[in-house]
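One structure is given here, and the rest of the page talks about it.
The numbers here are math on the coordinates, done by the rules we state, and not lab data. Note that the structure is predicted; figures quoted are calculated from it, not measured. Neighbour counts are summed over all protein chains in view; Cβ atoms, including those assigned to glycine, are modelled from backbone coordinates with ideal geometry.
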Amino acid sequence: MTSRREIRARKAFWNRIAYHGVGIGTAFFFLAPFLVGFLASFRSNSENGQPPLPPWPTAGISIDAYRALDGFGSGVWQHTVNSLIVSLGTVVLTVVVSVLAGYGFSRYRFPLKNVLFVLIIATLMIPFQSILTPLFIILAKLGLNNSLFGLMLIYVTLQLPFSVFMMRNAFDAVPKEIEEAARIDGARDLKLLVRVLMPLVMPGVATVSIFAFLNAWNEFLAALVLLSSNENYTLPVLMTAVRAGRLGAINWGAVQAGVTVMVVPCLFVFLLLQRYYMRGLMAGAVK
Amino acid sequence: MTSLARPTSLTLSDVRKSYGSLAVIHGVDLTIGEGEFVVFVGPSGCGKSTLLRMIAGLEEVTDGEVAIKGRDVTDLDPSDRGIAMVFQSYALYPHMTVRDNLAFGLKMSRTAATEIDRRVAQAASILKIEHLLDRRPGQLSGGQRQRVAIGRAIVRKPDVFLFDEPLSNLDAELRVSMRIEIARLHRDLGNTMIYVTHDQTEAMTLADRIVILRDGRIEQVGTPRQVYEDPANTFVAGFIGSPRMNLLDGVWSKGRIRIGEVLLPAPMLQNDRSEGAPLKFGIRPEHIEIAVSGEDGLPAIVEFTEYLGGTCYVYCRLAEGQSVTIESRGDKQPAGGDRITLVFPAARSFVFDDNGMRMR
């Protein structure tokens, strides 16, 4: 006769198998595209045009695809730097503006506060493609067309409604007493914001940063319209140029290599910020 | 008053606060002596916290003047007033260790590092939190957090300590021990302390003087004994003391008080009232006794009783419908439905006019 203890142990064992099995299966579906792309980028030139299965290189690992990618435009390194400048610039500007705006909306009382806030949020409903032409004209008038800084400003503008909303919520979640205690302790204005409040709204800042980075990094249309000279292209524009290839033939290897290159910074940014993104720093502040 | 014997620590002169057209503090005048422990008490929404926050500089003063040690601080920044505040929610900085929490204010005022270490160590030893210095607030229990919050106030060496319901978030047992600790702290440090609470036990036990507030006005200021034994009006009489003082409707009748059909002896009053003037007759539950046999008194019917171990609350109803609470310590407790007679010494009773003001 099996004891209840054994029955329980066996039940727990099968439960664990089912739990992890489902988890691994789900993870596979999410990871497979990355894996396929990554492996395919190491196929040789001759193998490139072959059917995609099996996805891994069968005739030895080669970096032909990366060489081909680097042959386009001003070299992949130059375009990666362009993309990084625009994306990181967007992150910094977005965070600075949205932290200040979020703090203002959360803590100060001023006339038409809620109307203004709703107006800012309402701009989320405007498809940005529809304002691309006016934006282009404005940038041209400012002498900022075909400049990475101009593109950065556009991205910041597009990113702000969501970010301000996010930061206002983050500041709303910080108890007023903490701020008051800091004021009694003698922290004022910027010092108060940087030394006391910033660490408390870090989850919000991380979220805003991740979104700003990913959106700026992956954005295509505005970059295509606003950047006219080859050496200013960001990676998404370069990738389209790569895909269009020569005489209609698509160099799939270079495309896979480009995808691999583009994924790396996104992963890096996410891993860097995810501990703030996940962590509830507020625990223990009050009560 | 005790404050007259010592130098002045804090003065409020005609302090007012209004939000737009809504006035919440209507001209408060108060002088607090050096080293005094003053408790602001009142029902919720009476403005006690607002008044404390005005002293702290967290709320703007609409009109009037706040002076600390003779210095007008009405328009100064909170950090320049020589105050420290302990909040109900502790308001510790969650991203800093206990040590950094304590040191933060000193760092902000650019105190030398050695001096910071010395003061933090001193505060930690007073509050017995030395072993917690490297932890974060999230790893502490409620009582420990409140100690840290108090420590943060101590290191600032303030002229005036402000406590905003500091014990309300603690459980009953911890509240009692922290209350004793705060009393000990006051004895050891000797600073002026202002303490806001709605808990009258805290008010009575801690205070040198109690300030009772209602709707943004001071109703009475006095030692715990004064406000308990000599209330200025029906509000103070009903607010201080638990269970509440019995306030019975009656009329003045030839130097005596008539409640329903019964004539009661009145306490000594200096001014006579007109015949038939309505008044309130107050008597505390613990001063009422149940007549043993044939004494004159108020006849009543027992509705129900609450047994609390040492004492017993007896809830009764008078013949004409007014309810009376008795705190009975006798061995023999009445049961529901019993007819009893209530007797009490006239000197223990209070008489209030129909505006609620005490008649003396």
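Here, the range B:246-359 has an Rg and a Dmax of 14.3, 45 Å when only alpha carbons are counted.
The mean number of Cβ atoms from other chains found within 10 Å of a Cβ in peptide B:141-148 is 1, as a whole number.
Structure remark: mean-square fluctuation, Gaussian network model of chain A, C-alpha springs under 10 Å; the largest value among A:Ile131, A:Ile63, A:Ile154 belongs to A:Ile131.
Ranked from largest, the principal axis spans of the Cα set of the range A:4-65 equal 63, 19, 18 Å. Comparing B:Asp134, B:Asp249, B:Asp164 in a Gaussian network model of chain B where C-alpha atoms under 10 Å apart are linked, the largest mean-square fluctuation is found at B:Asp134.
Using helices alone, I'd like the mean residue ellipticity at 222 nm for chain A: each DSSP H run of four-plus residues gives -39500 (n - 2.57), total over residue count, nearest 500.
Estimated from H runs of four or more residues: -22500 deg cm²/dmol.
Taking every residue in A:183-193 and counting other chain Cβ atoms within 10 Å of its Cβ, the average works out to 6. For the peptides B:252-259, B:47-54, residues were scored by their other Cβ atoms within 10 Å and the scores averaged per peptide; the highest-first order is B:47-54, B:252-259. Helix B:113-127 and the long axis of chain B differ in direction by around 30°, with both axes built from C-alpha atoms.
What fraction, in whole percent, of alpha-carbon pairs in the range B:195-318 exceed 16 Å separation? Here the long-distance tail beyond 16 Å is 70 percent of all Cα pairs in the range B:195-318. What FRET efficiency do you get for B:Arg135 and A:Leu31 if R0 is 56 Å and r is their Cβ-Cβ distance, rounded to the nearest 0.05? FRET efficiency, B:Arg135 to A:Leu31: 0.90. Over chain B, the pair-distance histogram of Cα-Cα distances with 10 Å bins from zero comes to 5, 21, 25, 21, 15, 9, 3, 0 percent, rounded to whole numbers. Taking a quarter of the surface of the Cα convex hull of the range A:76-278 gives a mean projected area of 13.7 nm². Computed packing ranks the peptides A:208-217, B:36-45 as A:208-217, B:36-45, most packed first, by mean other Cβ atoms within 10 Å.
Shielding value for B:94-102 is 3, the average number of Cβ atoms from other chains within 10 Å of each residue's Cβ.
Computed extension gain for A:Ala59 through A:Gln129, at 0.36 nm per residue and net of the alpha carbon distance, reaches 20.8 nm.
Let me have the relative contact order for the range A:76-278, percent, based on Cα pairs under 8 Å that are six or more residues apart.
Relative contact order for the range A:76-278 comes out at 33 percent.
What separates the Cα centres of the range A:205-254 and the range A:110-136 is a distance of 26 Å. Counting every C-alpha pair in the protein assembly as shown, the share spaced more than 42 angstrom apart comes to 52%. Running a GNM on chain B with Cα contacts under 10 Å, which residue among B:Gly216, B:Gly336, B:Gly27 ends up with the highest mean-square fluctuation? Most flexible of the set in this elastic network: B:Gly336.
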